[in-house]
1. Output the antiparallel fraction of DSSP beta bridges having both residues in chain B, as a percent to the nearest 5.
2. What FRET efficiency, computed as 1/(1 + (r/R0)^6) with R0 = 30 Å and r the Cβ-Cβ distance, is obtained for A:E69 and A:A581, rounded to the nearest 0.05?
3. List the distances, in nm to one decimal, from the label point of B:N18 to the label points of the same position in every other copy, shortest first, placing each label point 7 Å from Cα along the Cα-to-Cβ direction.
4. Checking the cross-link filter: which aspartates and glutamates have an alpha carbon closer than 16 Å to that of B:K490, excluding same-chain neighbours under 8 positions apart?
5. Which of the pairs A:K312/B:K123; B:K116/B:K551; B:K237/B:K564; A:K291/B:K302; A:K123/B:K565; B:K444/B:K470 have their Cα atoms more than 32 Å apart in this structure?
6. Any chance you could tell me what percent of the C-alpha pair distances in the stretch B:114-174 go past 14 Å?
7. Quick one: Debye curve from the alpha-carbon atoms of the protein assembly as shown only, equal weights, vacuum; give me log10 I(q)/I(0) at q = 0.05, 0.07, 0.08 Å⁻¹ to two decimals.
8. Putting +1 on Lys and Arg Cβ atoms and -1 on Asp and Glu Cβ atoms, find which of B:G580, B:F31, B:V539 reaches farthest to the positive end of the dipole of chain B.
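Where a number appears in this text, it was derived from the coordinates with a stated rule and is not lab data. Quick caveat, the model's predicted, so the values are computed rather than measured. Virtual Cβ from ideal backbone geometry, glycine too; neighbours counted across all protein chains shown.
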2 protein chains.
Amino acid sequence: MPKIFIKNKNKTIDYVSNKDLLQMLLENEIFVDNPCNGKGSCGKCKIRLLEGNLPAMSETEEKFLKKEEIISGIRLSCFVVPQEDIVIEVLQKERKHEILTTGYMPSFEINSAIHKETFEIDKPTLQNQSAFEDSLCKAFGIEKFDWRLLQQHEITDGKVTGVFNDKDLIGIESGDTTDLLYGVAIDIGTTTVVAALIDMKTGNELTTASMINPQKKFGLDVLTRITYELENPGDSKEKLQHAIVNAINEMIETMCNQFNIDRKYIYEISIAANCTMMHFLLGIDATSIGKSPYAPVFVKSKNIRAKDIGLKGSPGARLYCLPAVSSYIGADIVAGAYVCQLQKNSGNLLFIDIGTNGEIVLSKNGKLLSCSCAAGPALEGMNISSGMRAAEGAIEDIEITEKGIELQVIGNEEPIGICGSGILAALKELIRIGLVKKDGAFIKKEKLEEVDYRYDMIQLDEKKRKFVLKSGPEQLFITQADVRQVQLAKGAILSGFYALLKQANIDMNQLDKIMIAGQFGAHLSADSLVGTGILPEEVKDKIVYVGNSSKTGAYMALMSVEAKKQIEELANQMDYMELGASEGYERLFVQCLQFGN
Amino acid sequence: MPKIFIKNKNKTIDYVSNKDLLQMLLENEIFVDNPCNGKGSCGKCKIRLLEGNLPAMSETEEKFLKKEEIISGIRLSCFVVPQEDIVIEVLQKERKHEILTTGYMPSFEINSAIHKETFEIDKPTLQNQSAFEDSLCKAFGIEKFDWRLLQQHEITDGKVTGVFNDKDLIGIESGDTTDLLYGVAIDIGTTTVVAALIDMKTGNELTTASMINPQKKFGLDVLTRITYELENPGDSKEKLQHAIVNAINEMIETMCNQFNIDRKYIYEISIAANCTMMHFLLGIDATSIGKSPYAPVFVKSKNIRAKDIGLKGSPGARLYCLPAVSSYIGADIVAGAYVCQLQKNSGNLLFIDIGTNGEIVLSKNGKLLSCSCAAGPALEGMNISSGMRAAEGAIEDIEITEKGIELQVIGNEEPIGICGSGILAALKELIRIGLVKKDGAFIKKEKLEEVDYRYDMIQLDEKKRKFVLKSGPEQLFITQADVRQVQLAKGAILSGFYALLKQANIDMNQLDKIMIAGQFGAHLSADSLVGTGILPEEVKDKIVYVGNSSKTGAYMALMSVEAKKQIEELANQMDYMELGASEGYERLFVQCLQFGN
């Protein structure tokens, strides 16, 4: 069987006929960036051929690559179907992403559904051969319990600890184990997964763990993963489910090991996630989320047996999935709205989670209205020429003065790309200094005098203008097309914002607070948000950041029966407005494309 | 890797070091009789070495084999650990066993918990993006259902058929499928498994299937299988479970294929079995059944998801396991007692299921008392010199006259062994003609005159007497030890019978009917039962045969909610008497060893 040797990973993989190189690399867990999921439209999945031959380059592939790159043997792995033994190197290293694990939380009373009690079980005798099941019911004062607990447990007598979920027995343990009671709160994002190990006796968060969502190999965003599911009807549901379930199991294992806790003492896992991630988690067909009329299979909360989807904890451990509102207002947003107590609020609050989709919830005296805007991946650094996610080496902030360009880079490293907050900061500066006009067009270079400090910042690339962030062989820059990507994102969010206000009949000045949630939002400065016009100038001083409110909501649900109930009520009461179906939205969107305030 | 070639099966298996030949053959599904489950105590697992060498014979092995056998290369496979390539032949062919699939059934009203209804589901729109789960609940008028149904089903609208178990939704099918509604009723015996495919719309039994319980490779009787479980704590529970689950799936597949029915239209599987088989079926530890005080893990009925133990039908199909009373009064006996309507009876009835264990239920005006007697396998043809199970070639009846011995053989073939009913018939005749005395001893040959027609029937084998059924090189005979085995079985059953009567304060003459149930019981003639003294002369005319009442009970539970309820009540109300713990039982047992009436 032909082999592919990846030199800088010192790893050999077998050649599989008819598969492209990208697929093979990803299946072997070798990291190659591929925002478009191998569709041949992003030009990111570069590798370098060191030895051997590959079939000739297609025109499309040629278009993506610079001449120097082609000369040095660089190819796009998604276009390449190897025919013989080759040696290659991969060009990206997987970098540590910055993941937000904390945030605001209101005070609440701890009152978990999970609790333990000890009992004495009678020893059977020849005269009283009671079945173990019956002795247990008698001792515990219950009528019945899930038969599957009998599979896990040997007959025992004497002291026994029962684990209960409300009134349901979910665990039987020999001896007194009441001291050992743990749970896990999780936020599954499309990009990152964050988990916290909780001591359920006290509510203390013992530690957190985070990782990139391993479903990324099936596509970086929700829609690409749904497309993957659609195009692979055989086993894609299982593959997507296994990827996330294994990731969660791994994180739980890691966290438990840190504290020397046996994971059989984990009794509940509480999860918030967007609607698609929740479908994938439960192994449920998510394809309807991807096409009009965007009706999901389910939105209601689920309180089920964790083992039924392969999660490893106590054999009877529960899995609580927070409820969603619609396909594009998921449990992560419901969790956030609950953490911000939007439903109890007496003023006008706006909650925004900015990501590939921007979700906005407006609370008008506790009445909730939500919408979702297709912002696209630009604000997360994707689909941008020099874009990357927020990781070491990413430009996250920019200041432009007459002295030049000052970059702030994550990890204080040499910059290798620009992430979402960097893009937005750059745009804000470009608009401020007038290099980008309010309609989004770069000004013509000839309009600048040569002595102007801005003159050298614009370069021409075959008549196309670009703003150079960093010169040299590994040039970093922002093109006109990049600006258009950000402009579309901006238009989507701002128009959603206005549409909600209009629907609720609220004036912008009546807003009391804007709460920015999420991984990515926390990195967007109020300056950038307002400077680019994603949010209007008027709200600048009302912006607060609430952090990972999705994980916080999962934590609250874990630790409180009332929180679960209230979260479910909140989801039920939240109205959802489908922007695409609302009148005059197209016109509003076009108006909102204008940059600046 | 060394190979073993089994010439008369034309099959080669790999040699596994340190394993004995019997194990390897059984693991490769090659039939070798092994009543003692490889313990080296039965001497039945003979094979013949054709080529190659085997380690020398141990003394124990030598004891089991005749000189001629040793000369012709015969070995006991459980003693043999091959060290090099060999060619062998196996000596037994797996014969078609006679399996009883029918029997008596009282009339009852068909009213199954499973039913279907069709509904119209609204198509979602952009304005109304209702989740599929919610649209379905609304259309079906239900609050919620098992989330796992969402895994199986794509979003659909228009006409949909709901499958209900009472009020619980257990299936969602596109279009109108109300015509397709099937179930399966099963009796799992330690030796044989019988299944019936039922059209649940009408209650018609479409066909039946039966097979030897594949757990036989882990031991022929309940206790040997429990010992196997105990000695292999790693995966024995799973292996035992998989064996029976796969067998059931195979039988369902076979029956469905006969009628071109897709097994996804099977919605309930109803099973009666003894307590140990039920534990194995559900993958629950049965070891406590094997040791004092014989307390099982469970006896209550189970109404669970069939898929949870790997049974294949509709994804939401139910598995109903009938209830047991105790470790040794299983659901098979409860089913039988229900089929015979013991609980509704106004006289005194006795229900007996004779097998390795003899279970007896006495109904005194509807009040039920039961006991279980350890009869041992003799009455099933096992642990008997020339014994075999009821299969083609087994002697099933015998008549001895002055003209000689007349044998009745199953399948009218050349006799190759004697089964339980044959042993019992032989004993009855030996007692009648005086060759076996009431104390169970053969009369001394010297007490017979040479002209006596019985003289040649007794032969001496190194001073030990035996009764020759068939002479020649493949001699069939009954030894004094064989008689003792039957005697122990007889003593166990008769003493149980008397103990129950005594406990209930009933005189034998007050019995109105004796109902003989089961596979094996149906082959025991009243003549034999009374002639050997297993049952007293007084009840001879009161004996009736009810057939496979275990399967019939499973069928009734499948087809009637009331039957399920009544069966559960019956199990609850049936008292159980542990013979070993009852006063004076030892003395009674000794008295009951006496043969004849």
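1. 70 percent
2. Values: r = 45 Å, r/R0 = 1.48.
Once the sixth-power term is evaluated, E becomes 0.10.
3. Copy-to-copy label distances at B:N18, shortest first: 4.5 nm.
4. Reachable aspartates and glutamates: B:D353, B:E359, B:E380, B:E429, B:D439, B:D482, B:D527, B:E537, B:E586.
5. Values: A:K312/B:K123 38 Å; B:K116/B:K551 25 Å; B:K237/B:K564 28 Å; A:K291/B:K302 42 Å; A:K123/B:K565 29 Å; B:K444/B:K470 20 Å.
Violating the 32 Å limit, Cα to Cα: A:K312/B:K123; A:K291/B:K302.
6. More than 14 Å apart: 51 percent of the Cα pairs in the stretch B:114-174.
7. Log10 I(q)/I(0), no solvent term: -0.49, -0.82, -0.98.
8. My answer, from the dipole projection, is B:G580.
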